[in-house]
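Read the structure below first, then the notes.
The values are calculated or read from the model by the stated rules, or taken from the named source; none is laboratory data. Computed from a predicted structure; not experimentally measured. Note that we place each Cβ from the backbone using ideal geometry, even for glycine, and neighbour counts take in every protein chain shown.
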Amino acid sequence: MKKAATNDKYKWILLGFLWTAYFLEQGTRQIYNAILPQIQADFHVDSVKLGLVATTFIFTYGICVPVAGIASDLFSRKWMIVAGVAFFSTGIFVSGFASSIGLLLITYGLLNGTGQSFYYPSACSLIGQLHDKMRSTAISIHQTAQYFGIVVCSCVAGYLGELPDMGGVSGWQMPFLLFGGIGLLWAVLLAVFMRNTGHRPNQNGEVKKATFKEAATIIFHKPSAIALAFAFGFLVFTDVGFRTWMPTYLFETFRMDLGKAAFNAVIWHYAGAFIGVAIASRIADRAAVRGHKSARFDTSMTGFALGAPFIFLMVQSPSQALCIFAMAMFGFFHGVVDAGIFAAIFDVIPERYRASATGIILCVAFVIGSTSSTILGWIRDEFGLTSGIAFLSLFYFMSAVLFFIARTFFFHKDYEPC
């Protein structure tokens, strides 16, 4: 009984440690987006080249994450997490010394993207195993780190980016140095605190390691998982496009200063998302416990369907106030999506393959999403940023359609009980 109580306490403390790691992982993704105008002014490059840095990061993440997923099922999830945090923090930190877009492609794009791919499959698999009865709630709490990380890092980066040069260091370089350094320290703390939690044994008491071939076979024999992977890809496409270009849209459209634009681009959206995920995750978990097996699928489908119109309204609004309202509502339904989509992966994938399958699904999602910032950069130069961001609403709508098809025709056959 005492051991069970200790383990119960540990899993919530661990969630707090992982929350901070995810805060840094997601937050540092927004640093680059918040200071695009300063980087463009320093390096004298066009929008396509600016977008290429973010595309390199997302594409690298997408290519590396299936390898990280299978490694998480084969090796220690603790050390995969520690290595991931240490590696992406190094990439962020050295980005503060970059003197060209080419160097940012290497430090922010390649090093950061590779390191970040190590973290999520292991962390998500571990949280899902330790919090099996409150999976949506635990994963949603972890997900809120994304919202806080994006808001805090974006605002700090926007503020520091406008500071004058100090000691030969430009203002836009400072947030990279600050958050990269914090991440390296947190990797050390994770190494000290985390336990080596093994995978749950099967009915015969055996812990069998997954192979990439087995995990891929499981996914490709489950139409629900395939639909979820592409819907996740459209979510990433929308999220990357919004996070990369919305600060610039506010900066140009409403003549905000950079710090204020970075703040408004994230605070309203992710405040809404926090409320949405807090409400929807509890509803989804309670419904699932009561026997509504597709509760998590239904939750995300609803979020996609109702969120799409607000993306369009966001950039068609005649006033700043209406734009902010649309951002908040888009954020609320983004939270509703997040309350179900990560837990929904586990509803159709056996526990043994969850880290590997998460890696494969994230690979598909981020390869699709990696094109977003570059495509929107091209649309910005050719047709204007309003058209580019409005274009994102189509991807949310397509995600809702994919969830509807999976929920209606395939889910009950593909469902995997805990």
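If I filter segment 62-73 for residues that are within 16 Å of residue 146 (Cα to Cα), at pLDDT 85 or above and either in contact with a helix residue (DSSP H, G or I) (Cβ under 6 Å, 6 or more places away or on another chain) or part of a helix (DSSP H, G or I) (or both), do I get at least one hit? Within segment 62-73, none of the residues are within 16 Å of residue 146 (Cα to Cα), at pLDDT 85 or above and either in contact with a helix residue (DSSP H, G or I) (Cβ under 6 Å, 6 or more places away or on another chain) or part of a helix (DSSP H, G or I) (or both).
The rows are residues; the columns are (1) assigned to a helix (DSSP H, G or I); (2) touching a Leu at 6+ places or on another chain (Cβ under 7 Å); (3) surrounded by fewer than 21 Cβ atoms within 10 Å (Cβ to Cβ); (4) modelled with pLDDT under 80.
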| residue | (1), (2), (3), (4) |
| --- | --- |
| 219 | yes, no, no, yes |
| 284 | yes, no, no, no |
| 287 | yes, no, yes, no |
| 309 | yes, no, yes, no |
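Being modelled with pLDDT of 90 or more and either crowded, with 24+ Cβ neighbours inside 10 Å or among the charged types (D, E, K, R) (or both) is the requirement here; does residue 402 meet it?
Working: modelled with pLDDT of 90 or more: yes; either crowded, with 24+ Cβ neighbours inside 10 Å or among the charged types (D, E, K, R) (or both): no.
It is false that residue 402 is modelled with pLDDT of 90 or more and either crowded, with 24+ Cβ neighbours inside 10 Å or among the charged types (D, E, K, R) (or both).
Scanning segment 127-144 for residues that are more than 18 Å from the chain's Cα centre (by Cα) and part of a helix (DSSP H, G or I) turns up 129, 130, 132, 133, 134.
Just to be sure, is residue 242 of a type in the set (Phe, Trp, Tyr) and over 25 Å from residue 61 (Cβ atoms)? Spell out the reasoning first.
Details: of a type in the set (Phe, Trp, Tyr): yes; over 25 Å from residue 61 (Cβ atoms): no.
Judged against the criteria, residue 242 is not a match.
The combined condition, being under 14 Å from the mean Cα position of the chain (by Cα), in a helix (DSSP H, G or I), touching a residue at least 24 places away in the same chain (Cβ under 8 Å) and buried (at least 24 other Cβ atoms within 10 Å of the Cβ), is not fulfilled by residue 108. Taking segment 184-216 as the range and being farther than 19 Å from residue 124 by Cβ and at pLDDT 60 or above as the test, the residues that pass are 184, 185, 188, 189, 191, 192, 211, 213.
One line per residue, one yes/no per condition, for (1) under 30 Å from residue 288 (Cα atoms); (2) surrounded by fewer than 23 Cβ atoms within 10 Å (Cβ to Cβ); (3) of a type in the set (A, V, I, L, M, F, W, C):
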position	(1), (2), (3)
113	no, no, no
123	yes, no, yes
131	yes, yes, no
159	no, yes, no
177	no, yes, yes
189	no, yes, yes
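I'd like to check which helices (runs of 4 or more DSSP H) are fully inside segment 350-417 and have at least 1 residues that are of a type in the set (S, T, N, Q) and either under 27 Å from residue 245 (Cα atoms) or in contact (Cβ under 8 Å) with a residue 60 or more places away in the chain (or both). Talk me through it step by step, then tell me what you get.
Details: elements: 354-369, 372-383, 385-409, 411-414.
The qualifying helices (runs of 4 or more DSSP H) are 354-369, 372-383, 385-409.
In this structure, residue 332 does not qualify as within 30 Å of residue 221 (Cα to Cα), of a type in the set (Phe, Trp, Tyr) and modelled with pLDDT of 90 or more. Count of segment 84-100 residues, restricted to those that are in contact (Cβ under 8 Å) with a residue 60 or more places away in the chain, surrounded by fewer than 24 Cβ atoms within 10 Å (Cβ to Cβ), assigned to a helix (DSSP H, G or I) and not hydroxyl-bearing (Ser, Thr, Tyr), is 3.
Among the listed residues 27, 51, 69, identify the single one that is closer than 14 Å to residue 112 by Cα and touching a residue at least 24 places away in the same chain (Cβ under 8 Å).
Working: 51 fails: closer than 14 Å to residue 112 by Cα; 69 fails: closer than 14 Å to residue 112 by Cα.
It is 27.
Quick check: is even one residue across segment 1-20 crowded, with 18+ Cβ neighbours inside 10 Å and among the small types (Gly, Ala, Ser)? No, segment 1-20 has no match at all. Checking each residue in segment 361-394 for being surrounded by 24 or more Cβ atoms within 10 Å (Cβ to Cβ) and under 29 Å from residue 219 (Cα atoms) picks out 361, 362, 365, 366, 369, 370, 372, 373, 392.
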